[in-house]
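Take a look at the structure below.
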Amino acid sequence: NTDSDSEVLLNAFAHELQVRGKLEPTSDDIFASVSEVHKRCRGAYGVVGLIANYGMFAFRDPNGIRPLCFGVRHTDQGDEYAVVSESVVLDSLGFELIRDLEPGEALFVDTKGKLGAELGLDRGEVRRHRAFYIIDRTIPVAFERGKDHNVEKCILLRRFIE
């Protein structure tokens, strides 16, 4: 028993991959396993993981509630990929944003740098509401125990609800 949703998702994915019975799964096996996870697991999730000596996988919930995007960094040794929940992280690490993963989409990058993506047919139909906050991040803010520096200058500009 666990209270970790990440552990549940990982176990569901590992089980689906194992039932395919291959020592070296193909990207199609990865995508098929993700599709089965989407059928078994409801909720909001964005998953990124590594399969040792094989590659990196990522997938987004069918309803697109949790964000995931990916980017590339070109090096002399070849292209490097990163998957993150916010594109600002890609910028800070020197990666170029490729795009957001679509709801229900899975991504796999093998150890040779070959990128594959598949959009599952199991798209969600849940109607959801989102709240968006725009915050002025140009004002430096720091927090220390007992002190707030410039916090009063951080302005919540607007709240959007769709």
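The values are calculated or read from the model by the stated rules, or taken from the named source; none is laboratory data. Fair warning: this is a prediction, and the values are worked out from it, not measured in the lab. All Cβ positions, even for glycine, are placed from backbone atoms using ideal geometry, and neighbour counts span all protein chains on display. Surface areas here come from the heavy atoms of the whole protein model, side chains and all, with no ligands, DNA or RNA. Shrake-Rupley method; radii C 1.70, N 1.55, O 1.52, S 1.80 Å.
The table below gives the values:
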read-out	value
Those residues of the stretch 74-96 which are of a type outside the set (Gly, Ala, Ser), open to solvent by less than 80 Å² (accessible area, probe 1.4 Å) and in contact (Cβ under 8 Å) with a residue 12 or more places away in the chain, in sequence order	ASP79, GLU80, TYR81, VAL83, VAL84, LEU90, PHE95
Tally, over the stretch 1-43, of residues that are in contact with a Phe, Trp or Tyr (Cβ under 9 Å, 6 or more places away or on another chain) and open to solvent by 90 Å² or more (accessible area, probe 1.4 Å)	2
Unique residue being over 20 Å from ASP61 (Cα atoms), of a type in the set (Gly, Ala, Ser), assigned to a loop (DSSP other than H, G, I, E, B) and modelled with pLDDT under 90 when the list is GLY113, GLY94, GLY124	GLY113
